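Enquirer: Got a structure for you, written out below as structure tokens; questions coming shortly.
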Amino acid sequence: MTELSRWRGVDLDARRAKISRAFDLAEIDSPDELPILITTTPYFAFGSNDVPADYFSNPAAMLRHQESGHARHIAELPDDYVPYLMPWYGTGVLASAFGCPIMLPGHPGEDPAVAAPCVTTVAEAARLRLPDPRCDGQMPLVLETIDCFRAHSDLPVSLTDMQGPLDTLGLMVGQERLYKWMYQEAGLIHDLFDLVTEAFIEWVRVQKQHCGQPDDQSSGLIMVWSPKGVGVWESDDDLVLLSPKLYEEFVVPSLSRIFTAFGGGTLHFCGSGVHQVESFRQVAGLRALNVSPMGRFEIVRALQEQIGDRVTIQLQEIAPSEIEDYVDRLFREIRTLRGLILAPMALPNVALAPDGSNLPTDRDPIATAQRLLSRCRENAAKFLAGEAIQPDRSSAMPVTRPAVALERPAPAISSEQRLAIEVVIQQMLSFDGPGVQAAAHGALATGLLPFDVVTLGLAEAMQRVGAQFERGECFLPELIMAAGTMKAGLVVLQPLLSALEAASGEQKGVVVIGTVKGDFHDIGKNIVKALLEAGGFQVYDIGVNQPAEGFVDKAREVGADIVAMSALLTTTMAQMRATIEALRAAGVRANVMVGGAPINQQFAARIGAEGYAADAVKAVREAERLVGLRRRTA
């Protein structure tokens, strides 16, 4: 592969040499030796409203947009970015080749995405076969785009987005089903990982043939030029959700196969993957970790301390709204500049908020990148000189007092009833569905009310699992298994709860619940729904990927007291604000409650939500508070 030595008059060899030293884990003696690569024209549409309307249907339009952005960058910004072209059609190209339908963007700033899983049963999984890049899914479009790029530009071309086997199977099967099958159908999941890994390797090789690249080299991997011996990258965002045991069993062998096939590779994830460090050490050919910590720089520090002597750490996330404070906090946490690459993305319409969420903005990417570059170089000089780095201003988020949920006094129960409840809890924690049903019958036989069995038994067990989840002692698959066991218990208890509610003529309130547009995650939403129903609320679940009008229409139809929204992806958080604005514009008076992994109290207050809950148990209490508030102010 022949690489450009210069492009538009800029020396690219000098930039590559600096990046190569970072991959070699060479010592940094001057601030100019620290590689800083700031993307100002990302290949994706998210965070940018100026992507051409035919960007995803016309390879020539994609080429013009990327090439013109790179030309401006090279002319105006003296960082270390090495430009290349990327054929981008969302994160589901490999999944689409296995049969997943793709949803095309409907508005500026959106990207193609998988619309639904393509495997819902064990029988369907067993029928899967290797895809053909010449005719399956979006693969032919990617190859057409690579060929167009090479024919009409002198810039090198690299791979499309490479979601790894873990993330791809999450798209193909659905996360909840995948994680259940890891426990219930382990042999099948091993076979699926083998199949998708083989497809991944073959897909990369076909792309490299069209790009004119050797297997062990690339023009760019997730926006970072990489030297010989780093031929591939793959995204494992879902590794933050798995226990080390499951990750080691199912994922590590696939990563080793992929990275070995291409001479070495880069692993990308968003959030904290520190609990997977021992698994990272077992991955053959792992050369770099590309991390988006969302402002949590203790993650970078921990990775440097625990594995920084073996791999390069690439820090890559959306450029912040508070640039100077962000960079100051980073340099107070990092332990060494050796093996560090700073690769932020300066987007025109989205910024990283101090609390790690995304903020809508309107800014010039080049000007943003210039401020980032200047502050990073300044702090690198201070770091090397041993000077303390102090913030020159405060950008702390305003302190918002969390809403106080109504507390229900715990019922007085006998020692026999307490023992029966403990059996319910233990069956829940053992993920034993039939066992929890038998325990629920036993608890009712002691005279406990159905709602007490739910709150003291099922909900208490879920709260314990949730606390373990927050402490990093269990992970999303275990949370899903507990939720499935809870549903089994509700099969016994829900009819009794409904009968009691009908007899009393009382109803706590009407809730419309759904996951916002662009987000297909429903695990947390489903748990909240189940507990709200058990708590006496009438719940209308409108599903996943719901636009603002979906919430508005359903809330009007049923006279909702509460509209509850969930989001797991940081890229979809902005949809919550848009939905609240649509509800208010339509005159819907329901209170809004939000939740999900990236959501916090500060974000809820900023977008105008009346309620926020960190977990499903707290969501019931918060819903009770909001209904009481609504009735007092009606």
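The values are calculated or read from the model by the stated rules, or taken from the named source; none is laboratory data. In this text the structure is predicted, and so the values were computed from the model without any measurement. Neighbour counts are summed over all protein chains in view; Cβ atoms, including those assigned to glycine, are modelled from backbone coordinates with ideal geometry.
Enquirer: Going through segment 351-374 one residue at a time, which ones are over 21 Å from V300 (Cβ atoms), outside any loop (DSSP other than H, G, I, E, B) and in contact with a strand residue (DSSP E or B) (Cβ under 6 Å, 6 or more places away or on another chain)?
Expert: Within segment 351-374, L359 is the sole residue that qualifies.
Enquirer: Which count do you get for residues in segment 1-40 that are of a type in the set (S, T, Y), modelled with pLDDT of 95 or more and closer than 17 Å to S218 by Cβ?
Expert: Residues meeting the conditions: 2.
Enquirer: Of the residues in segment 558-589, how many are closer than 14 Å to N545 by Cα, in a strand (DSSP E or B) and touching a residue at least 60 places away in the same chain (Cβ under 8 Å)?
Expert: 0
Enquirer: Would segment 509-532 turn up any residue that is free of Cβ contacts under 8 Å to residues at least 60 places away in the same chain, surrounded by fewer than 17 Cβ atoms within 10 Å (Cβ to Cβ) and over 28 Å from V173 (Cα atoms)?
Expert: Taking every residue of segment 509-532 in turn, none turns out to be free of Cβ contacts under 8 Å to residues at least 60 places away in the same chain, surrounded by fewer than 17 Cβ atoms within 10 Å (Cβ to Cβ) and over 28 Å from V173 (Cα atoms).
Enquirer: On the basis of being in contact with a Cys (Cβ under 8 Å, 6 or more places away or on another chain) and touching a residue at least 24 places away in the same chain (Cβ under 8 Å), does E298 make the cut?
Expert: Spelling it out, it is not the case that E298 is in contact with a Cys (Cβ under 8 Å, 6 or more places away or on another chain) and touching a residue at least 24 places away in the same chain (Cβ under 8 Å).
Enquirer: Residue check: is S96 assigned by TED's automatic domain parsing to the domain that holds D154, of a type in the set (S, T, Y) and more than 27 Å from I201 (Cβ to Cβ)?
Expert: No.
Enquirer: Consider segment 576-598. How many of its residues are within 26 Å of the chain's Cα centre (by Cα) and either at pLDDT 90 or above or hydroxyl-bearing (S, T, Y) (or both)?
Expert: Of all residues in segment 576-598, those within 26 Å of the chain's Cα centre (by Cα) come to 576-582, 592-598.
Next, from what is left, pick out any that are either at pLDDT 90 or above or hydroxyl-bearing (S, T, Y) (or both): 576-582, 592-595.
Of the residues in that region, 11 qualify.
Enquirer: Would it be correct to say that T145 is in a loop (DSSP other than H, G, I, E, B), modelled with pLDDT of 95 or more and among the hydroxyl-bearing types (S, T, Y)?
Expert: Here the answer is no, as T145 does not meet what is asked.
Enquirer: Right, another one. Mind listing whichever residues of segment 316-345 are over 12 Å from V300 (Cβ atoms), touching a strand residue (DSSP E or B) at 6+ places or on another chain (Cβ under 7 Å) and either of a type in the set (A, V, I, L, M) or outside the structural domain of Y81 (by TED's automatic domain parsing) (or both)?
Expert: Passing the criteria: I318, A319, A343, M345.
Enquirer: Is it the case that E202 is touching a residue at least 60 places away in the same chain (Cβ under 8 Å) and in a helix (DSSP H, G or I)?
Expert: Judged against the criteria, E202 is a match.
Enquirer: Additional query: Name the residues in segment 533-557 that are within 30 Å of M294 (Cα to Cα) and touching a residue at least 60 places away in the same chain (Cβ under 8 Å), would you?
Expert: Passing the criteria: only N545.
Enquirer: Let me ask you something else. Within segment 275-285, which residues are surrounded by fewer than 20 Cβ atoms within 10 Å (Cβ to Cβ) and of a type in the set (A, V, I, L, M)?
Expert: V277, A284
Enquirer: Only one of (1) under 23 Å from the mean Cα position of the chain (by Cα); (2) of a type in the set (K, R); (3) within 19 Å of N58 (Cα to Cα) fails for R150. Which number is that?
Expert: It is condition (1) that R150 fails.
Enquirer: Kindly indicate which of R281, R301, R287, R296 is among the charged types (D, E, K, R), closer than 20 Å to I222 by Cα and in the same structural domain as F23 (by TED's automatic domain parsing). If you could, list the steps in order and put the result at the bottom.
Expert: Numbers: R281 fails: closer than 20 Å to I222 by Cα; R301 fails: closer than 20 Å to I222 by Cα; R296 fails: closer than 20 Å to I222 by Cα.
It is R287.
Enquirer: For segment 219-263, give me the residue count where each residue is farther than 21 Å from V300 by Cα and surrounded by fewer than 22 Cβ atoms within 10 Å (Cβ to Cβ).
Expert: Let us first name the residues in segment 219-263 that are farther than 21 Å from V300 by Cα, namely 219-220, 227-232, 245-246, 248-263.
Subset that is surrounded by fewer than 22 Cβ atoms within 10 Å (Cβ to Cβ): 227-229, 245, 248-250, 252-253, 256-257, 260-261, 263.
Looking only at that region, the number is 14.
Enquirer: Next question, about the same structure. Within segment 109-128, restricting attention to residues that are in a loop (DSSP other than H, G, I, E, B) and without any contact (Cβ under 8 Å) to a residue 12 or more places away in the chain, which residue is nearest to L178 (Cα to Cα)?
Expert: Step by step, filter segment 109-128, then rank; the result is T121.
Enquirer: Could you go through segment 158-165 and let me know if any residue there is of a type in the set (D, E) and crowded, with 20+ Cβ neighbours inside 10 Å.
Expert: Step one: of segment 158-165, the residues of a type in the set (D, E) are 161.
Checking which are crowded, with 20+ Cβ neighbours inside 10 Å leaves us with 161.
Checked segment 158-165: at least one residue is of a type in the set (D, E) and crowded, with 20+ Cβ neighbours inside 10 Å.
Enquirer: Limited to segment 153-179, what total is found for residues that are part of a loop (DSSP other than H, G, I, E, B), of a type in the set (A, V, I, L, M, F, W, C) and within 27 Å of the chain's Cα centre (by Cα)?
Expert: 2
Enquirer: Additional query: So is P133 in contact with a Phe, Trp or Tyr (Cβ under 9 Å, 6 or more places away or on another chain) and either assigned to a loop (DSSP other than H, G, I, E, B) or in contact (Cβ under 8 Å) with a residue 24 or more places away in the chain (or both) or not?
Expert: When the stated conditions are applied, P133 passes them.
Enquirer: Turning to a different aspect of this structure: Would you confirm, using the coordinates I've provided, whether D216 is assigned by TED's automatic domain parsing to the domain that holds V142, surrounded by fewer than 18 Cβ atoms within 10 Å (Cβ to Cβ) and out of contact with any helix residue (DSSP H, G or I) (no Cβ under 7 Å at 6 or more places or on another chain)?
Expert: On the way: assigned by TED's automatic domain parsing to the domain that holds V142: yes; surrounded by fewer than 18 Cβ atoms within 10 Å (Cβ to Cβ): no; out of contact with any helix residue (DSSP H, G or I) (no Cβ under 7 Å at 6 or more places or on another chain): yes.
No, not satisfied.
Enquirer: Please verify whether G106 is touching a Ser or Thr at 6+ places or on another chain (Cβ under 7 Å), assigned to a loop (DSSP other than H, G, I, E, B) and without any contact (Cβ under 8 Å) to a residue 60 or more places away in the chain, treating the condition exactly as stated.
Expert: no
Enquirer: Next up: For segment 548-558, does any single residue satisfy the condition of being surrounded by fewer than 22 Cβ atoms within 10 Å (Cβ to Cβ), within 22 Å of the chain's Cα centre (by Cα) and under 24 Å from Q468 (Cα atoms)?
Expert: No, that holds for no residue.
Enquirer: Please pick out the residue among Y179, Y183 that is surrounded by 24 or more Cβ atoms within 10 Å (Cβ to Cβ) and aromatic (F, W, Y).
Expert: The unique qualifying residue is Y179.
Enquirer: Within segment 511-528, count every residue that is assigned to a strand (DSSP E or B) and under 10 Å from M565 (Cα atoms).
Expert: Total satisfying the criteria: 5.
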